[in-house]
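FYI, it's all coordinate maths here, none of it is from the lab. Keep in mind that this is a model prediction, so the values were computed, not measured. Cβ coordinates were reconstructed from backbone atoms using ideal geometry, including for glycine residues, and neighbour counts include every protein chain displayed.
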Amino acid sequence: MRIRYPTRFVLMLVALSALMGAEDRQLRHKRRVRAPSGPVVALVNGTLIDGTGADPVADAVVLIQSGRIAAVGPSAAVALPPNADRIDLGGGFILPGFINAHVHNALRKDHLQTWASEGVTTVRDVGAAEPYVTVFRLRDTYQSDPLCARLVAAGPLVTVPGGYPLIPNQFPAMSVLSAEDARAKISQLLDAGADFIKITLEPGADWPVLTLEQAEAIVETAHVRPVPVTVHATQTAMYRRALDAGVDDICHSASNRLSDDMIAEMVQAGVCMVPTLTAQKKAGETVSNLRRFVAAGGKVALGNDGGYLAGLEIGMPITELEAMREAGMSPMQVILAATKTAAEICRLDRDLGTLQPGKRADILVVDQNPLENLRALLNVTLVMHSGVVIFLR
Ligand SMILES: [Zn+2]
């Protein structure tokens, strides 16, 4: 890739690279740099895949100012200000920064840096082990560091005493004793700064689960704010309870067959699925449920449970992206799941998920066409986070 910078920027890069410490060098040996400091940055000579589902735009330009996209489109339609710091993308492909809507252990700075450096500029932590006061404080701290992925945090999973994931995983969770108790505890969580609420509906062999009344109380309390509610559910019967309670999206595909009626109901209600095929080892009906859900017009967001079990990718979750493709999603549908739709379920779609004027400049550039081969997403040439270049090859 050919890069043309003003001299002052090159000098700044040299100075910054000298300042970077061991922590930076350990990150998969990738070179990361700070952005030009000029008032306007222009990404030129790339093909735009803007995350709206529109056809790619060849020879596109993205203008970035004050951390946001000032203009975007074909080069013939975007005037380059004379003071713009130009970055020639060498024919690369420009996408919105990816959003992984199902991760854990996201309070680890090394995890956040790995996600960001590989183009996953936002992650949604759907259940942390740490006390929620700590979770939200660290989220706000990392927020100011563009080298860290933006963190959207639930705080704890919400369950009942003796329920999943307390059993069998011994993973900490918040237990509620009644609908009234649920209202009080969810209010506390929201007051403390929860971006959304995550409940579990996992009966396993014979674990207790939230009743419909308790789940409804949780959803009602959150929606008043208004804050969305997601749910861990892997069985059709618990999908049923989640839908009756009014959740906004469902984490994991069901391992037994979702009925056509239930799929139609989800599509109608706009309830999104975050399938996590990798974590579920594509078991049972997980893949066929996703295939039928997508064919029916269901909304899908990317999530791979990264950070939870060993082997689930931190960084670009290519295994999950390819599994979604194998389940019948087109490459464009997979990209939308990782951008526009994931932003929607994080309630960040006013700022993120597509490359349009006014949105935050979270941008991923890869050197080959991901619509031809999703593995192109592994060949990242540039990552911009809130207008700051955090990775450049
Ligand atoms: Zn999970």
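Data table
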quantity: Whichever aspartates and glutamates have a C-alpha closer than 12 Å to that of Lys359, once near sequence neighbours (fewer than 8 apart) are set aside; calculated: Asp50, Asp349, Asp351
quantity: Sequence-distant residues sharing a close amide H with Val40 (under 5 Å, placed H); calculated: Asp85
quantity: Cβ-based charge dipole, the chain, positive-most Cα from Leu212, Gly155, Leu336; calculated: Leu336
quantity: FRET efficiency for Ser330 and Val133, using Cβ-Cβ distance with R0 set to 35 Å, rounded to 0.05; calculated: 0.25
quantity: With 10 Å bins from 0: P(r) over region 98-345, alpha-carbon pairs, percent; calculated: 8, 34, 39, 18, 1
quantity: Zone residues, region 300-343, relative to Asn379, backbone N less than 15 Å from point 7 Å out along Cα-to-Cβ; calculated: none
quantity: Efficiency of FRET between Gln143 and Val224 - r from beta-carbon atoms, R0 25 angstrom, step 0.05; calculated: 0.50
quantity: Dipole magnitude (debye, nearest 20) for region 98-345, charges at Cβ of Lys, Arg, Asp, Glu; calculated: 340
quantity: Ranked packing of 170-183, 352-365, most packed first, by mean Cβ within 10 Å; calculated: 352-365, 170-183
quantity: Full-stretch length increase - Val267, Thr319 - with 0.36 nm per residue and alpha-carbon distance subtracted; calculated: 16.2 nm
quantity: 20 Å Cα cut-off, lysine pairs counted over region 98-345 (separation 8 or more, or different chains); calculated: 4
quantity: Nitroxide proxy distance, nm - points 7 Å out along Cα→Cβ at Asp260 and Lys109; calculated: 5.5
quantity: Considering only the chain, percent of DSSP beta bridges that pair antiparallel, nearest 5; calculated: 45
